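Have a look at the structure below, then the notes.
A short reminder: the numbers here are calculations on the coordinates, not readings from a lab. Note that this is a predicted model, so its numbers are computed, not measured. So basically every Cβ, Gly included, is an ideal-geometry build from the backbone, and we count neighbours across all protein chains shown.
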Amino acid sequence: MIWAVAHSNVALVKYWGRAPGPGHQPAGTSVSLTLDGLASGARVEERPAGSADRVGWDPPGPVAELSRFVTLARARLGIGHPLDVLITSNFPVAAGLASSASAYAALTTALAALAPGRPSADGLAALARQGSGSACRSMLGGFVQWRPGADAGAVTQLAPPEHWPLAVLVAVTDAGPKRVPSREGMLRTRATSPFYEAWLTAGGVDLTVVREAVRARDLPALGAATERNALRMHAAALGAEPPLLYWEATTVSVMREVWRLREDGVPAFFTVDAGPQVKVLCEPADADRVERALAGVPGVLRVLRSRPGGAPRTGPEPPSWAAPHASPGPPGDEKGPAA
Ligand code: PMV
């Protein structure tokens, strides 16, 4: 039996669109930050020859996709034995917190440890993205770039986690599953949104700014580019037919609170993926203040605190993780379990 643990990631330049044609290639280059503490664990065990694979999620997740992935991964990695696979996460699953990224990165890492050969890092990143595109970025720690292409260098580390100890606060506004999975949302945006091409073009400009801002540890430049990249991704999605609206009312309230903090002189910047949660970047010295402000927004269930995290790791034991540090939202707003 083997366990692997991998972290979620937040996209600073978003992946929102696949290139037409085979190979599940992204239409543009994305950049992410791997998030310490928001983790998934994959437990993989061999089953007796002749039995079927057994897969499961705890808390429950999409079993059919997981099962397809295990079949594909076994074939690619040359694993002859049937497998027993369990995925766990210590944060809300399928709610726009990239739990599928950490889940498939953890699973790919665990399967690689059982494989008879020594699969290359590029091969593993290419495999992970068959589970969830963004999972390939969780195969590395720190600031990670994923560009179109299956070759070496498609997924690269721009900077390790210790390069820039930013704080990342996640305002959880809704613990339910997302309405339209990102895969479907991307296809719909490409097929029907008149803003799709403009979104891809704008993303290319953001990429240049974000890469330079990471190199220079320039938070105002990174934050401005990250925020507008997120808003433009959602603008393209809103232009789809039927429209894709991933935000809740509280999502908008949190975005306004971040702008209010900036007016008060606190450099904090938000981003939102394909769900209602808001992730906020700030300096560690401002994290307490930002966390209090976000937790005070009506409708916020809790605020999780994170920072740049590392690459996946394996071991014989279940992960001894704590739930991420969380401060509860305003009293009376707790609608249900968020993790
Ligand atoms: O990894 P997927 O297929 O769930 O897509 C991720 C989509 C976004 O989170 C919205 C953007 C990104 O780059 O992570």
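Under a Gaussian network description of the chain, with springs only between Cα atoms under 10 Å, the residue in S102, S32, S120 that fluctuates furthest is S120.
Contact order for the chain, expressed relative to its length and based on alpha carbon pairs under 8 Å spaced 6+ residues apart, stands at 25 percent.
For the stretch 202-264, which trypsin sites (Lys or Arg not before Pro) are in a loop by DSSP, counting at most 16 other Cβ atoms within 10 Å? All intermediate terms of the calculation are to be shown ahead of the outcome.
Working: sites: R211, R215, R217, R228, R232, R256, R260, R262; in loops: R217.
Of the trypsin sites (Lys or Arg not before Pro), the ones in loops of the stretch 202-264 whose Cβ has at most 16 other Cβ atoms within 10 Å are R217.
For the pair the stretch 42-77 / the stretch 270-308, the C-alpha centres are spaced 34 Å from each other.
In a simple Cβ point-charge model (Lys, Arg +1; Asp, Glu -1; nothing else charged), the stretch 163-306 has a dipole of about 240 debye relative to its Cα centre. Taking one quarter of the surface of the convex hull spanned by the alpha-carbon atoms of the stretch 128-203 gives a direction-averaged projected area of 7.3 nm². The shape of the stretch 163-306 can be summarised by an equivalent ellipsoid whose semi-axes, obtained from the alpha carbon gyration tensor, come to 26, 20, 11 Å from longest to shortest. Antiparallel beta bridges, as assigned by DSSP with both residues in the chain, represent about 90 percent of the total such bridges. Between G17, G117, G50, the residue with the greatest mean-square fluctuation in the GNM of the chain (Cα pairs under 10 Å linked by springs) is G50.
How big is the charge dipole of the chain about its Cα centre, in debye rounded to the nearest 20, if each Lys and Arg gets +1 on its Cβ and each Asp and Glu gets -1 on its Cβ? The calculation lands at about 560 debye. The modelled label-to-label distance for the pair E197/R183, using points 7 Å beyond Cα in the direction of Cβ, is 2.8 nm.
Using the alpha-carbon positions of the stretch 28-179, Rg (one decimal) and Dmax (whole number) come out as 15.6, 50 Å. According to the Cα-based calculation, Rg over Rh for the stretch 161-233 is 1.04, with Rh computed by the Kirkwood formula. Summed over all non-identical Cα pairs, the Kirkwood treatment of the chain gives a radius of 20.0 Å. When each of M186, M255 is scored by the number of other beta-carbon atoms lying within 10 Å, the sequence from fewest to most is M255, M186.
Only Lys, Arg, Asp and Glu count, each charged at its Cβ (+1, +1, -1, -1), so figure out the dipole size of the stretch 228-281 about its Cα centre, rounded to 20 debye.
Details: 6 positive and 6 negative charges, 33 e Å.
Result for the stretch 228-281 is approximately 160 debye, rounded to the nearest 20.
By the helix-only formula, in which each DSSP H run with n ≥ 4 contributes -39500 (n - 2.57) and the sum is divided by residues, the chain has a 222 nm mean residue ellipticity of -11500 deg cm²/dmol.
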